[in-house]
Amino acid sequence: MPMPNTPFSRSDPPDPPPLITVRGLTFYRGDRAIFRDVDLDIQRGKVTAIMGPSGAGKTTLLRLIGGQIRPHAGRIEVDGACVHELGRRELYQLRKRMSMLFQSGALFTDLSVFDNVAFPLREHTRLSEALIRILVLMKLEAVGLRGARDLMPSELSGGMARRAALARSIALDPMMIMYDEPFSGQDPITMGVLIKLIRTLNDALGLTSIIVSHDVKETASIADYIYLLSEGSIVDHGSPQTLERSRSAWVEQFLHALPDGPMSFHYPAAAYAQDLSLAQEPSP
Amino acid sequence: MGAFKKMELAVGVFVALGLAAFFMLAMKVSNIAELGEDKGYKVTARFENIGGLKVRAPVTLAGVRIGRVVGIGLDTHTYEAVVTLSIEPRYDRLPTDSSASILTSGVLGEQYVGLEPGGMDEYLKNGGALKLTQSALVLEKLIGRMLTNAVSGDNPPAKTP
Amino acid sequence: MIDGLRRLGRSTLFWLNRLGRATLFLLRLLSALPTLAKRPSLAIRQLYSVGVLSLPIIAMSGLFVGMVLGLQGYANLVDFGATSSLGRVVALSLARELGPVLAALLYAARAGSALTAEIGLMKTTEQLSAMQMMAVDPFARVYAPRFVAGIIAMPLLAGIFTAVGILGGYFVAVQQLGVDSGAFWSQMQSTVKLFDDVINGVVIKSVVFGWVANWIAVFEGYDAIPTSEGISLATTRTVVNTSLVVLAVDFVLTALFFGV
């Protein structure tokens, strides 16, 4: 993988064409630019992580890729199709092949775990109930929840809910999965389980995975490629090893969770806060 | 799936209850019989004044409902109201000299047509007419008459002394 | 003065904006109906939660309202010796006004608020987003079945309310106060018209109310700000707005059907 050193460089893709290409993406929320002229590529079959501090617009990026919101400028192509130029019918066709794991899991609270996983199958296929049952049990087995099939979502722990949702998101055998903060708020054991699941599912099913996260260690441990996002731009990108060796002060600060550095975590009020604390501690 | 079956059953019961409610409203509360095809024979009656009589008002004989009013018109020559009554076919033995009056059921009740059977051997047929009629009592006229009577009756004694 | 006018202008624009969005929402809702027609089981599930579950409150309220009508009607008519008219008083008030209107108000409180809260919560917990990402249109899968089920349930509930109310009136008048049973029913039958009172009164009114109530309930859920506070506001708005609109529409319909 070539080592990129400028944040805005058009990354030259390796051999197979990327599954997702984003070019010149610009998106505003109100007056605030969430993205300013962002370019990125998601390679097929790889686990790509998009990391950045909270509020950097990571989730928004997933929603843009999923076509739930439209960019103000730029293009997002998924498997050759420009997402925001598709009609509703074509977009829905495309979405059957992509899948998203929401932060909360977003299980349907009125359906049991089994019915949740069966939901996309019942909606989009005309398979018999017997066949659906087999498929659902296979997906549940993959996430280790075959025994929990009759539980309601309210009876699941956070980690189990995420795994059940993961089973649901692979129900239609998609080409890609987008994970929105899969690790946040999980205990270390659950995190370990999720990390392993994301990696094994990606490799076993030949998926393309996109992980949006600010959990550096966990994400870096499974990602093939990482984009670092801050204040609407890509600060750096590369494989975990490359980034580890990066001399950029910002990357250093983010990856090693240093409390201070070029990046202030207190977004708009940062300067003011530092001003107030100047009296007590010497400025760096 | 068992739960869904139960739910279907509950919904079925609900819809059946709703329909039963409408059935009751139609059959027991309103008079759906009046909406049936009108098979009765028509008889006309002329009144000087029909008061507040409405189409679909009942026609009764001896207090029993035997038909209803199906039309109200005005004869522009005689300035009489022409009321068309529809009498159920099974009451086909009404003497031709029967009389019709417009009555009021109770103080607040609505007006209806009451028939008094006559004594003739011939019976009313479709298109027949009731000759003897008594108009509605119009309350204002009654009160007016009572007042004039009272005034004319009161005045003479007042003058004498 | 200027300030007041500006505030008036702002709230007018705000309401027009909402009305516009609600109309667009309704159009998309209607365009999802053909999809729903292929899967009526979705609406049956909703018919259970808006219809069957509303049945107890509707039946109980109908019974009590009918009994109160019987008592009040008797107390007022007995002075004129016209207690035989009690049947028609009870039946006409219920069929023309109280049945459809009270059923709609109770529906807004029982089922409408629940619809708003349910949809709002689905939105907050990303269930609707998840559904969209699974290429399932929430209009066809979530909103339309609820809307249609509500419109089907409303006239049935109003009919049940009216019928139970009349039975309640009968119970008080005939069983308790000694009004003649024959007079009660015959007076009722001779005045209540199937088309004018039952069809126009109960059926048409309650279908219109059902349309309004469910449109508001589903839209408020759809439009809710996805926070717990947003849902609570939306739920309140559903009940308040439905009540106001139902009463206003009732006036128009009454003027249309029963006005001179």
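Odds and ends about this structure:
- Restricting C:G150, C:G210, C:G221, C:G182 to residues that are more than 10 Å from chain B (Cβ to nearest Cβ) and surrounded by fewer than 24 Cβ atoms within 10 Å (Cβ to Cβ) narrows the list to C:G182.
- Residue in the stretch B:106-118 that is outside any strand (DSSP E or B), under 20 Å from B:E48 (Cβ atoms) and either touching a residue at least 24 places away in the same chain (Cβ under 8 Å) or not assigned by TED's automatic domain parsing to the domain that holds B:V55 (or both) present: yes
- Failed item in (1) touching a Phe, Trp or Tyr at 6+ places or on another chain (Cβ under 9 Å); (2) closer than 30 Å to A:S169 by Cα, with C:R141 passing the rest: (1)
- If you go through the stretch C:18-49 and keep only what is among the β-branched types (V, I, T) and more than 10 Å from chain B (Cβ to nearest Cβ), you end up with C:T23, C:T35.
- From the list A:L107, A:L111, A:L121, A:L151, the lone residue that is among the hydrophobic types (A, V, I, L, M, F, W, C), assigned to a loop (DSSP other than H, G, I, E, B), within 12 Å of chain C (Cβ to nearest Cβ) and more than 20 Å from the chain's Cα centre (by Cα) is A:L111.
- Meets criteria (under 30 Å from C:Q176 (Cα atoms) and either surrounded by fewer than 19 Cβ atoms within 10 Å (Cβ to Cβ) or acidic (D, E) (or both)) for C:G9: no
- Within the stretch C:73-80, not a single residue is touching a Phe, Trp or Tyr at 6+ places or on another chain (Cβ under 9 Å), assigned to a helix (DSSP H, G or I), buried (at least 20 other Cβ atoms within 10 Å of the Cβ) and not aromatic (F, W, Y).
- When the stretch C:98-137 is filtered for residues that are assigned to a helix (DSSP H, G or I) and facing chain A (nearest Cβ under 7 Å), the ones remaining, listed by number, are C:Q127, C:S129, C:A130, C:Q132, C:M133.
- Residues of the stretch A:190-213 satisfying the condition of being surrounded by fewer than 20 Cβ atoms within 10 Å (Cβ to Cβ) and part of a loop (DSSP other than H, G, I, E, B): A:G206
- Per this entry, C:V52 is counted among residues that are under 23 Å from C:Y107 (Cα atoms) and free of Cβ contacts under 8 Å to residues at least 40 places away in the same chain.
- Subset of the stretch C:68-97 [more than 10 Å from chain B (Cβ to nearest Cβ) and under 26 Å from C:F257 (Cα atoms)]: C:V68, C:L69, C:G70, C:Q72, C:G73, C:L86, C:S93, C:R96, C:E97
- Pair list, Cβ under 9 Å, 6 or more apart: the stretch A:187-203 residue farther than 11 Å from A:G159 by Cα and in contact (Cβ under 8 Å) with a residue 12 or more places away in the chain, other residue among the β-branched types (V, I, T) and assigned to a helix (DSSP H, G or I): A:I195/A:T219; A:I195/A:I222; A:I198/A:I222; A:R199/A:I222; A:N202/A:I222
- Criterion: open to solvent by 50 Å² or more (accessible area, probe 1.4 Å), closer than 30 Å to A:D115 by Cβ and within 14 Å of chain C (Cβ to nearest Cβ) - qualifying residue of B:V13, B:V64: B:V13
- So A:Q68, is it surrounded by fewer than 22 Cβ atoms within 10 Å (Cβ to Cβ), outside any helix (DSSP H, G or I) and within 13 Å of chain C (Cβ to nearest Cβ): yes
The values are calculated or read from the model by the stated rules, or taken from the named source; none is laboratory data. Just so we're clear, the structure is a prediction, and the values are computed from it rather than from any experiment. Every residue, glycine among them, receives a Cβ derived from its backbone with ideal geometry; neighbour counts consider all protein chains shown. Surface areas here come from the heavy atoms of the whole protein model, side chains and all, with no ligands, DNA or RNA. Shrake-Rupley method; radii C 1.70, N 1.55, O 1.52, S 1.80 Å.
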